[in-house]
Amino acid sequence: MATIVSFSTISEMFEKTMAHFANEERPMLMYKVDKKYQGISYKEYTRNVELFALGLAALGITKGDRCGIIAENRPEWIVADMAMVCLGVVDVPIYPTLTPKQIEFIFNDAGVKTAIVSNTFQLQKVLKIQKEVKTLEHIIIMNEKDAAGGALTYTHIYNRGSEQQKANPGKFQEYAKRPKPEDLLTIIYTSGTTGNPKGVMLTHHNMASNIQESARAIPFGPEDVFLSFLPLCHSFERMAGYYTAMSCGVLIAYAESVETVRDNLLEIRPTIVTTVPRLFERIHSRILKNVESTPPTKQKIFHWAVGVGKEYAKAKRKGSVSPVLKAKHAIANKLVFSKLKERTGGKIRFFVSGGAALPKMLGEFFEAVGIQIIEGYGLTETSPVLTVNRLDDYKFGTVGRPIPNVEIKIADDGEILARGPNIMKGYYNNSSATAEVIDKEGWFHTGDVGMFDPEGHLMITDRKKHLFVSSGGKNIAPQPIENHFLESKFIDQFVLVGDGRMFLTALIVPEFDILKDWARGQGIQGANEAELVAHMEVRKLFQKEIDGIQKDMPNYERVRRFELLPQQLTVEGGEITPTQKVKRKVVEQKFAHLIEKMYEKVA
């Protein structure tokens, strides 16, 4: 079970946790330097946080001030964050992918006094908008060699902190006791798909309650190793992969980047990873691609093993695994599953999936091969966890049951409402938007549509604002339909179109690695992505895939026409959010010419 101390503020969590594990010889966190992982001890981290906090105080930064962090995941991020926490400073985390104009809006809206950046690229963004942000007084940079434009280095802040520590012993401990549960901890700006983002105000109490209740629902402990690669500026990773992991004594290791996760899994050999469904889609596609390149005999063994794994998982849940099935499973494990699990490092206890819906097929596939995925649900406004499947009580296609002390109910129109100690204080400088989502009884209106299944597991249909209404008056939830099509090994990304239209169409990004292999087998040589998506035989392939997938679907949920895109939808391109959610309006505007083409000459 989780080893967790009791606390009412994040600063109290830090002090109690550091004291509890102060004499641990093992590292608290690990990160890569010069292609080799190295560790930071609890004592070193505690010292760095104290010196950084005192250094910020020496600059005149005090309780209630706003400080922004624009950086990738790295130890300096959590040093700066925890230093702010203990000073009572309000942390404003920002995605490193944002443009200078977007950062300017957030800095001005929040009244940011200090900006902490990682490197030259991020520094230049802030220097570009410095004159437009009247409240901005200091810029601090993590990479010492990149200091320019008056930016202060971490060494400078640590030195200032050391001077303060010598002059005022015990001052840091005094600061750390000042934050109260009702005090503002952070303002997290949501990645809105249209218009300016809204600043979600979360208090110490919001986050502290969510950490402790989530840790009771999902067991973390000192024996665990956590690989962190989702952005720390997002509430999911910050709460789970940072605060909760830290409070439970889990060793945190940072992946170098999203692209290196496959290698870092083998290097770190984690027991727990938080991620989004996109990772499982990529792993699943790679596995199938590798299997298809093997001789027919090996392919048969693989598919037999997966079938046995599914049968075994089903029987295990019922509590009755026959001796024959046990024997088959042992063989399947030796021949197939053990090799697949070794690709994740071989020690994974479970993955935690959030940020978007996990297709049921993926959950069942990974369970069959012995890799457990626990899916949860929440929003930035809810600190973020509302519901989660448990290790001993899970159901694919659902997001589990509410965590302790959180109430969930379904409104008359199907919207999911939530109430509890983790619900945000409101949107910063936006009382009208706050009133729209938190009613007089304290219920937060999530904007998601869902229902409870007979066993009490929550099922999410889609975002309320994403529901389509066809010109024929049919209500259509796009997400379940999209997930259905994503089961195809040839489809990487799939965006359904059809709101207010006579029928559904789709924009499809192929799984190009698999498509290129198929094309070579058909004698289509040397074609690039753009040439492939325009090739008549490729279009015939996708028409066949679509027809096969939707043969049992109602007519109004069937895709009548489609267009293939030659490149992925990306965060950098603005088509998806950092948590891999499609920005539908952006996509529809960007590819309006293709969409209109699909609706031309309608019979």
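The values are calculated or read from the model by the stated rules, or taken from the named source; none is laboratory data. A quick note: this is a predicted structure, and the numbers were derived from the prediction, not measured. Quick reminder, even Gly has a Cβ in these numbers, built from the backbone with ideal geometry, and neighbours come from all protein chains shown. The accessibility values were calculated without ligands, DNA or RNA, using every heavy atom of the protein model including side chains. Shrake-Rupley method; radii C 1.70, N 1.55, O 1.52, S 1.80 Å.
Kindly check whether there is at least one residue in the stretch 157-168 that is at pLDDT 95 or above, hydrophobic (A, V, I, L, M, F, W, C), part of a helix (DSSP H, G or I) and surrounded by 22 or more Cβ atoms within 10 Å (Cβ to Cβ). Looking through the stretch 157-168, at least one residue is at pLDDT 95 or above, hydrophobic (A, V, I, L, M, F, W, C), part of a helix (DSSP H, G or I) and surrounded by 22 or more Cβ atoms within 10 Å (Cβ to Cβ). Counting just the residues of the stretch 571-603 that are of a type in the set (A, V, I, L, M, F, W, C) and assigned to a loop (DSSP other than H, G, I, E, B), which one comes out modelled with the lowest pLDDT? Selected residue: Ala603.
Those strands (runs of 3 or more DSSP E) of the stretch 19-72 in which 3 or more residues are in contact with a helix residue (DSSP H, G or I) (Cβ under 9 Å, 6 or more places away or on another chain) and within 30 Å of Thr135 (Cα to Cα) occupy 66-70.
Restricting attention to the stretch 440-470, the residues that are acidic (Asp, Glu) and closer than 13 Å to Leu417 by Cα add up to 2. Of the residues making up the stretch 322-348, those that are surrounded by 16 or more Cβ atoms within 10 Å (Cβ to Cβ) and either in a helix (DSSP H, G or I) or more than 23 Å from the chain's Cα centre (by Cα) (or both) number 9.
Residue count for the stretch 505-535 under the criterion of being within 27 Å of Glu575 (Cα to Cα) and either open to solvent by less than 40 Å² (accessible area, probe 1.4 Å) or modelled with pLDDT of 95 or more (or both): the result is 13.
Please enumerate the residues belonging to the stretch 493-504 that are part of a strand (DSSP E or B) and either out of contact with any Phe, Trp or Tyr (no Cβ under 6 Å at 6 or more places or on another chain) or surrounded by fewer than 16 Cβ atoms within 10 Å (Cβ to Cβ) (or both).
Those that are part of a strand (DSSP E or B) and either out of contact with any Phe, Trp or Tyr (no Cβ under 6 Å at 6 or more places or on another chain) or surrounded by fewer than 16 Cβ atoms within 10 Å (Cβ to Cβ) (or both): Gln493, Val495, Leu496, Val497, Leu504.
From the list Phe7, Phe105, Phe14, Phe52, the lone residue that is under 21 Å from Met207 (Cβ atoms), open to solvent by 10 Å² or more (accessible area, probe 1.4 Å), touching a residue at least 12 places away in the same chain (Cβ under 8 Å) and aromatic (Phe, Trp, Tyr) is Phe7. Looking at the structure I just gave you, is Asn143 surrounded by fewer than 20 Cβ atoms within 10 Å (Cβ to Cβ), modelled with pLDDT of 95 or more and out of contact with any Lys or Arg (no Cβ under 7 Å at 6 or more places or on another chain)? For Asn143, the condition - surrounded by fewer than 20 Cβ atoms within 10 Å (Cβ to Cβ), modelled with pLDDT of 95 or more and out of contact with any Lys or Arg (no Cβ under 7 Å at 6 or more places or on another chain) - is met. With the requirement that a residue be out of contact with any helix residue (DSSP H, G or I) (no Cβ under 8 Å at 6 or more places or on another chain), in a helix (DSSP H, G or I) and under 22 Å from Phe229 (Cα atoms), what does the stretch 84-128 give you? Phe121, Gln122 - these are the residues of the stretch 84-128 that are out of contact with any helix residue (DSSP H, G or I) (no Cβ under 8 Å at 6 or more places or on another chain), in a helix (DSSP H, G or I) and under 22 Å from Phe229 (Cα atoms).
I want to confirm something. Restricting to the stretch 416-438 and keeping residues that are over 18 Å from Lys198 (Cβ atoms) and in contact with an Asp or Glu (Cβ under 7 Å, 6 or more places away or on another chain), which single residue is most open to solvent (accessible area, probe 1.4 Å)? Per the stated criteria, the residue is Arg419.
Pairing each residue of the stretch 415-441 that is free of Cβ contacts under 8 Å to residues at least 24 places away in the same chain with any residue that is surrounded by 14 or more Cβ atoms within 10 Å (Cβ to Cβ) and of a type in the set (Gly, Ala, Ser), provided the two are 6+ apart or on different chains, yields C-beta distances under 6 Å for Thr434/Gly426.
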